[in-house]
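> Right, I'll just put the structure down here and ask away after.
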Amino acid sequence: MGTISTEEIRTLALVGHAGSGKTTLAEALLHQAGAIATPGSVQRGNTVCDFDPLEKTHQHSLYSAVAHFNHDGTRVHMVDTPGYPDFLGPAMSSLEAVETAVIVVNAQSGVELTTGRMMSWAQKRGLCRLLVVNKIDAENVDLPKLLAQIQEAFGKECLPINLPAGGGSRVVDCFFNPGGESDFSSVADAHRALIDQVVEVNEDLMARYLEQGDIDAHELHDPFEQALREGHLVPICFVSARTGAGVKELLDVLEHLLPTAAEGNPPHFLKGEGENARPFKTEPDPGKHVVAHVFKVSVDPFVGKLGVFRVHQGTVTRDSQLFVGDGRKPFKVNQLLMLRGKETAPVDKALPGDIAAVAKVDEIVYDAVLHDSHDEDHIHLRPIEFPTPIFGLAIEPAKRGDEQRLWEIMQKLAAEDPCLRIEHVHSTNETIVQGLGELHLRVLLEKLSSQYKLEVKTHPPRIAYRETITARAEGHCRHKKQTGGAGQFGEVFLRVEPLDRGKGFEFVDEVRGGAIPNQFIPAVEKGVLQVIEHGAVAGYPLQDVRVIVYDGKSHPVDSKEIAFVSAGRKAFLDAVAKARPIVLEPIVNIQVNVPDANIGDVTGDLSSKRGHVAGTNPLSGGLMSVNGQVPLSELNGYGSRLKSWTGGQGSYSVEFSHYEQVPPNVQQQLVAQHKAPVQDD
Ligand SMILES: Nc1nc2c(ncn2[C@@H]2O[C@H](COP(=O)(O)OP(=O)(O)OP(=O)(O)O)[C@@H](O)[C@H]2O)c(=O)[nH]1
Ligand SMILES: [Mg+2]
């Protein structure tokens, strides 16, 4: 180690749909590079990256895991990410820490939901993208068809850089040393297609190519990287992580063709707050001030807190004094660690490009920026647009008296996971947690029980309905109370207007001439916000509404805050009631993979549940995928329905799409439930 420079560091995130083989591929790469003696397997539960006990039980990655290796003069930091849509939070965060996204595609099931999401997120983030088609050893794979599917989904810039040969037992190079026979397609054609694509990024090169009719691939190193960076080329590699076919070639590509840590696009940092925030670009210069971003925090009940960060600028050493965000008090690094799964190795320094960790620093939180000078205060990452957590669960401790402990643990867990939201509802003394899917929440409960020994009771998921209005209306309230001595007086006139979906809430003060004294305007807003939070018709938060307060009246003695809170709330309720309020429900995108014979079950069920089918696609192995949309509230027990149709051969994934108005009969039910004196959650 020691002598490595930023130019010799490569960073990559292994992303892609669940089960595509990312964790197995990480294992194969570590083995190929000589970092581990024998590759482990997900089934045996002995892989480097799926080291958490729950990952072993579920045989899926649930968290991101970092593994580095040194090979042939380069240091590679890999981040293995979960592909299950419920755990996309850590996968998206990992994209901020790397130069390259390696999108792994399962040759058996083709392009899946997460494949597409990751292709576009990685592009948005400005990463170089490399597609890896895994499982070329498996039976029933139709690789030519898959290649066509990839190009149709993601464009003609997706081009094979090698092709399977010997019936999937090895691969042949199509770029530097084309030659030999491939299992399908022609190596010469693939070579030409790559050169054609690469020369397009440089006019001189293009002219020379047209003149000469050919160009030596070895001259194309820089243009190749340029094409990668500009998204003009997405190379495709074929591998079998299980047999090792194509893994050496993949390692070669990672080490020799992908950008170094000095060449990538740093994440979008901002300096300053609110409207004053300006883009801030880090430079991969080891001599500058430190800027590092914490993209993962794990809290192990035994080891304690581990903050994992990518250094984007400057050098972190064991003696570094680092500030966390805008905190005034620095911490001393003391122990600087590099990771390989759960193994930690102490190192002297971490350069730009390195992914490292520090243990037991309480101040470190997910998404924090670490730095070593107050010049670097107020730097933060542009917020990532995470998927919306819509699967809710109300939980309470099985034992009375554990409420506080439950809340504290939940806060810790939510701090680790950007897609987990927790909320304490005072009226019912319940802890509500919202996540991305059933599995997300199930894993959370398992963690509470296995790691924290905390047993909890849960209520069936609450659907995150919302309320909104569909028309403009006026509202008025004259709040007047005379009880004994001091009275209460406040009068408010306001208007409400619908806003576009997703715009939230706006409060506008148009009161002229002090009709409502300035100091009481916040009280009016407070009253309005109470309704926003608890809803006006069915008890769900109200959204996408503008409230304009334009007139009112006060009393020199009896006007006080409480009077205007009350008047604001009632005037707003008055307006909403006239503004044709509706209830909105979350609609999800769903992809269901089932055997051919079950297509009818899936599509019939979706239509009967107020959903619709957008299309069906053949997958290999006699499977079909059905894509569509359906209200989330209709998906209760979907897993078991699917199991009963397919005998366990089906799988499905969902993600939040948008909010839509519920049909009138559903709205009536929700309103009635809300009004019922005894509410059954
Ligand atoms: N035949 C074959 N099976 C493979 C190959 N690579 C992985 N598998 C199997 O595919 C399954 C999923 O592999 P994982 O490595 O856990 O996949 P993953 O992409 O990490 O999945 P998530 O962590 O859920 O996102 C396991 O049963 C692996 O043994 C391969 O090259 N060929
Ligand atoms: Mg995995």
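The values are calculated or read from the model by the stated rules, or taken from the named source; none is laboratory data. Everything numeric here is computed off the predicted structure, so don't read it as measured data. Glycine also receives a Cβ, built like all others from the backbone with ideal geometry; neighbour counts cover every protein chain displayed.
> Could you check residue 114 against (1) surrounded by 23 or more Cβ atoms within 10 Å (Cβ to Cβ); (2) closer than 23 Å to residue 242 by Cα; (3) touching an Asp or Glu at 6+ places or on another chain (Cβ under 8 Å) and say which number it fails?
Every listed condition holds for residue 114 apart from (3).
> For residue 442, state whether it is farther than 22 Å from residue 658 by Cβ and of a type in the set (Lys, Arg).
yes
> Residues that are within 14 Å of ligand 1 (Cβ to nearest atom), of a type in the set (A, V, I, L, M, F, W, C) and over 18 Å from residue 308 (Cα atoms), at least 1 per element: which strands (runs of 3 or more DSSP E) completely within segment 15-123 meet that?
100-106
> Those residues that are surrounded by fewer than 20 Cβ atoms within 10 Å (Cβ to Cβ) and either within 16 Å of residue 25 (Cβ to Cβ) or touching a Pro at 6+ places or on another chain (Cβ under 8 Å) (or both), I need them from segment 52-70; list them, please.
The one that is surrounded by fewer than 20 Cβ atoms within 10 Å (Cβ to Cβ) and either within 16 Å of residue 25 (Cβ to Cβ) or touching a Pro at 6+ places or on another chain (Cβ under 8 Å) (or both): 59.
> Okay, next question. Evaluate segment 546-553: report whether one residue or more is over 30 Å from residue 385 (Cβ atoms) and touching a residue at least 60 places away in the same chain (Cβ under 8 Å).
yes
> Here's another thing I want to ask about it. Identify, by number, the condition in (1) among the β-branched types (Val, Ile, Thr); (2) within 26 Å of residue 292 (Cα to Cα); (3) within 15 Å of ligand 2 (Cβ to nearest atom) that residue 47 doesn't meet.
Checking residue 47 against (1) among the β-branched types (Val, Ile, Thr); (2) within 26 Å of residue 292 (Cα to Cα); (3) within 15 Å of ligand 2 (Cβ to nearest atom), the one that fails is (2).
> Filtering segment 128-177 down to residues that are of a type in the set (Asp, Glu) and within 19 Å of residue 24 (Cα to Cα), which residue is farthest from ligand 1 (Cβ to nearest atom)?
That would be 139.
Here's the yes/no breakdown for (1) of a type in the set (D, E, K, R); (2) farther than 22 Å from residue 123 by Cα:
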{"position": "171", "(1), (2)": "no, yes"}
{"position": "184", "(1), (2)": "no, yes"}
{"position": "198", "(1), (2)": "no, no"}
{"position": "208", "(1), (2)": "yes, yes"}
{"position": "214", "(1), (2)": "yes, yes"}
{"position": "238", "(1), (2)": "no, no"}
{"position": "252", "(1), (2)": "yes, yes"}
{"position": "267", "(1), (2)": "no, no"}
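> A further question follows. Could you identify the single residue in 527, 513, 490 that is more than 13 Å from residue 572 (Cα to Cα) and either outside any strand (DSSP E or B) or without any contact (Cβ under 8 Å) to a residue 40 or more places away in the chain (or both)?
Every option except 513 fails the conditions.
> Now, a different point. How many residues, within segment 580-612, are β-branched (Val, Ile, Thr), within 17 Å of residue 636 (Cβ to Cβ) and without any contact (Cβ under 8 Å) to a residue 60 or more places away in the chain?
Going through segment 580-612 one residue at a time, the tally reaches 1.
> Go through segment 239-272 and give me each residue that's of a type in the set (Ser, Thr, Tyr) and buried (at least 19 other Cβ atoms within 10 Å of the Cβ).
Correct list: 240, 260.
> Being crowded, with 16+ Cβ neighbours inside 10 Å and either among the aliphatic types (A, V, I, L, M) or closer than 16 Å to residue 585 by Cβ (or both) is the filter here; which residues of segment 610-627 pass it?
The answer is 610, 611, 613, 619, 623, 624, 626.
> So if I check each of 590, 599, 548, which one is buried (at least 19 other Cβ atoms within 10 Å of the Cβ) and either in a strand (DSSP E or B) or aliphatic (A, V, I, L, M) (or both)?
Result of the check over 590, 599, 548: 590.
> Checking residue 489 against (1) buried (at least 17 other Cβ atoms within 10 Å of the Cβ); (2) at pLDDT 95 or above, only one condition comes out false. Which one?
Condition not satisfied by residue 489: (2).
> Further question on the same structure: Of the conditions (1) out of contact with any helix residue (DSSP H, G or I) (no Cβ under 8 Å at 6 or more places or on another chain); (2) in a strand (DSSP E or B); (3) charged (D, E, K, R), residue 399 clears all except one; give me its number.
For residue 399, the failing item is (2).
> For residue 578, work out the one condition from (1) over 30 Å from residue 516 (Cβ atoms); (2) more than 29 Å from the chain's Cα centre (by Cα) it doesn't fulfil.
For residue 578, the exception is condition (1).
> Within segment 615-650, track down each residue that is closer than 20 Å to residue 595 by Cβ, out of contact with any Leu (no Cβ under 8 Å at 6 or more places or on another chain) and in a strand (DSSP E or B).
Across segment 615-650, the qualifying residues are 615, 616, 617, 618, 623, 624, 627.
> Of the residues 30, 113, which single one is within 14 Å of ligand 2 (Cβ to nearest atom) and either under 25 Å from residue 342 (Cβ atoms) or not aromatic (Phe, Trp, Tyr) (or both)?
Only one candidate qualifies: 30.
> For segment 58-110, give me each residue that is among the β-branched types (Val, Ile, Thr) and more than 15 Å from ligand 2 (Cβ to nearest atom).
74, 76, 98, 100
> Count, please, the residues in segment 314-349 that happen to be buried (at least 17 other Cβ atoms within 10 Å of the Cβ), free of Cβ contacts under 8 Å to residues at least 40 places away in the same chain and either assigned to a strand (DSSP E or B) or touching a Leu at 6+ places or on another chain (Cβ under 8 Å) (or both).
The total comes to 6.
> Check off (1) free of Cβ contacts under 8 Å to residues at least 60 places away in the same chain; (2) within 12 Å of ligand 2 (Cβ to nearest atom) for residue 15 and give me the number that stays unchecked.
If we test residue 15 against (1) free of Cβ contacts under 8 Å to residues at least 60 places away in the same chain; (2) within 12 Å of ligand 2 (Cβ to nearest atom), just (1) comes out false.
> Which ones in segment 534-593 are of a type in the set (S, T, N, Q) and closer than 30 Å to residue 651 by Cα?
589, 591, 593
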